[in-house]
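Data block below; observations after.
The values are calculated or read from the model by the stated rules, or taken from the named source; none is laboratory data. Remember, it's a predicted structure, so these values are computed and weren't measured experimentally. Because the Cβ atoms are built from the backbone with ideal geometry, glycine has one as well, and the counts that use them run over all protein chains shown.
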Amino acid sequence: MDEQLLIDGCKRGEASARKELYELYAPAMMSVCARYVHDRETARDLLQDGFIKVFTKIQTYSATGPFGAWLRRVFVTTALEYLRKYDALRSSAPIDEYGEQVEDVDASVLDRLSADDLLECISRLPTGYRTVFNLYAIEGYTHKEIADHPEILRGKIVS
């Protein structure tokens with residue numbers, strides 16, 4: 001079914017349209033959720049919470065931008081709200097504590113780093129830093145947008 005027809009069906013509360021929209025976007029939105037939390041169970045909870053918000057707020061989608069971008073923003077916000085609720089963003093160590101530990105890395109080592117290795121490195125970052133990295137490098141937020149986001153501490157942003 002055409003995306004706009006699905007959106008219109010969801011706005012009318014049609015269960016079949018909601019089911020199809022869920023099946024179409026759930027894998028991508030699960031990836032978004034999993035980038036912000038470590039365990040799969042919590043990511044599934046965020047996926048469910050995100051779709052509840054989508055179906056509740058779909059009336060506010062105005063089609064002025066791509067639906068996928070609006071949807072993604074709902075899920076990122078859901079993940080950030082979860083992290084704020086559990087104070088994960090505030091419990092990370094100040095960045096100054098890591099400054100002394102950074103070593104010069106041979107560029108050839110970085111060239112040999114696989115995507116899986118990179119994802120593993122990112123997943124080991126403290127939650128607050130991983131969140132800021134995801135927002136900037138993956139979601140495309142600017143430093144100012146991240147700093148202005150209510151769920152993120154300004155001290156985490158270095159431009």
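A few comments on the model shown:
- Test result for residue 142, assigned by TED's automatic domain parsing to the domain that holds residue 23, polar (S, T, N, Q) and either surrounded by fewer than 18 Cβ atoms within 10 Å (Cβ to Cβ) or modelled with pLDDT of 85 or more (or both): no
- Residue check for residue 57: of a type in the set (Lys, Arg) and loosely packed, with under 12 Cβ neighbours inside 10 Å: yes
- The single condition among (1) out of contact with any helix residue (DSSP H, G or I) (no Cβ under 8 Å at 6 or more places or on another chain); (2) of a type in the set (Lys, Arg); (3) touching a residue at least 60 places away in the same chain (Cβ under 8 Å) that residue 73 does not meet is (3).
- Among the residues of the range 77-92, those that are charged (D, E, K, R) and modelled with pLDDT of 75 or more comprise 81, 84, 85.
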